[in-house]
Amino acid sequence: MSNSNEIQACIFDLDGVIVDTAHYHYQAWKRLANELGFDLTPEQNEKMKGIGRMQSLDILLELGNIQKEKKEKKQLANKKNEWYQEYIREMQPENLLPGVIPFLEELTEAHILIAVGSASKNAPTIIRQVQIGRYLDALIDGSKVTKGKPDPEVFLKAAEEMGIAPEHCVVFEDAQAGIEAAKNGGMRTIGVGSPDVLSQADMVISGLHQMNLEKLKTLE
Ligand code: B16
Ligand code: MG
């Protein structure tokens, strides 16, 4: 009989956990802010992490105290996305963050299922470029959800696609909104990044190079 705390699946956020595209998002938003006549600090950018494209734009415009019509907003979001896609076009397996492959290998060997749950509509492209598709049992990206993090939809859909109950899932996230989303879905959480920002998580690590099966099992 399986223990009710048993970890049967890990769900990974993409940007900031598997790859450092969080940095590219920041560069693209900062470029847009500069074009609109103001600057975007790394602290302000924290609020935009893990949030969908249009919602992020709303936060940016509010920071700049700028009002735009719907049509112009679409154009600004497209512009940001084109810059972002330019940055990610060159990505390769070498761009995977340290420790990703050894941990995915360890999970696969232990028969723990693996999913990616990302707010990004560019997630399938990134996964193809860094070549980790073979490890995944489910991929839920921004085009498959209607509600952004902190709504748990993205993680609940990943769990459902794998056929695993939320209480048997652990979510790895670098964004406050993502930790909140996982908790709202009844999942355990591992924050990837700074403990100051991710204090709500059950455990915080600086990157997947600090993770292994034994450490994961301490959450059971
Ligand atoms: P796109 P994640 C999120 O990905 C990013 O953290 C967030 O900064 C971005 O705005 C969002 O994806 C949408 O991305 O513009 O590519 O659709 O962290 O949930 O993997
Ligand atoms: Mg992220």
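Of note:
- In region 11-27, the residue that is farthest from ligand 2 (Cβ to nearest atom) out of those that are outside any loop (DSSP other than H, G, I, E, B) and within 19 Å of Val204 (Cβ to Cβ) is Ile11.
- Residue-level analysis places Ala33 among those that are away from ligand 2 (no atom under 16 Å from the Cβ) and buried (at least 19 other Cβ atoms within 10 Å of the Cβ).
- Residue in region 33-42 that is within 25 Å of Ile190 (Cβ to Cβ), more than 10 Å from ligand 1 (Cβ to nearest atom) and part of a helix (DSSP H, G or I) present: yes
- The residues listed here are Glu90, Glu6; of these, the one that is more than 16 Å from ligand 2 (Cβ to nearest atom), in a loop (DSSP other than H, G, I, E, B) and either touching a His at 6+ places or on another chain (Cβ under 7 Å) or aliphatic (A, V, I, L, M) (or both) is Glu6.
- Residues (among the acidic types (Asp, Glu), in contact with a helix residue (DSSP H, G or I) (Cβ under 8 Å, 6 or more places away or on another chain) and within 23 Å of Glu6 (Cβ to Cβ)) located in region 166-213: Glu173
- Residue in region 60-82 that is under 21 Å from Asp141 (Cβ atoms) and within 16 Å of ligand 2 (Cβ to nearest atom) present: no
Each reported figure results from applying straightforward, stated rules to the coordinates on display, with no laboratory input. Because the structure is a prediction, the values reported are computed rather than measured. Neighbour counts are summed over all protein chains in view; Cβ atoms, including those assigned to glycine, are modelled from backbone coordinates with ideal geometry.
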